[in-house]
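Down below is the structure, laid out as structure tokens.
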Amino acid sequence: MLDLHGIARSSTTITALFHEQDSKKTETGLRTVQRAIDILYCFTLEEQELSLTEIANKISLAKSTTTRLLSTLE
């Protein structure tokens, strides 16, 4: 016998899972954009050139993460 209520619950669960994944992608994207903005704010008229270490320290991120973000800003 076919349980239509079970199918409805399953499709609701699957839909909720897709929305949750989209939400996580959006949060991750927003975090990346915020970090890129943080990098840009490191530079001032007085400090127009910064090393990787200086940028990473200013934004409190690992150098590997900072490198990845800098490569996307190029």
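Every number here is computed from the coordinates shown, using simple stated rules; none is lab data. Because the structure is predicted, anything quoted here is derived from the model rather than measured. Cβ coordinates were reconstructed from backbone atoms using ideal geometry, including for glycine residues, and neighbour counts include every protein chain displayed.
Extents of region 28-74, largest first, come to 32, 19, 18 Å (Cα atoms, principal axes, whole angstrom). Net charge near T32, counting Lys/Arg +1 and Asp/Glu -1 over other residues with Cβ under 12 Å of its Cβ? Summing Lys/Arg as +1 and Asp/Glu as -1 gives +2.
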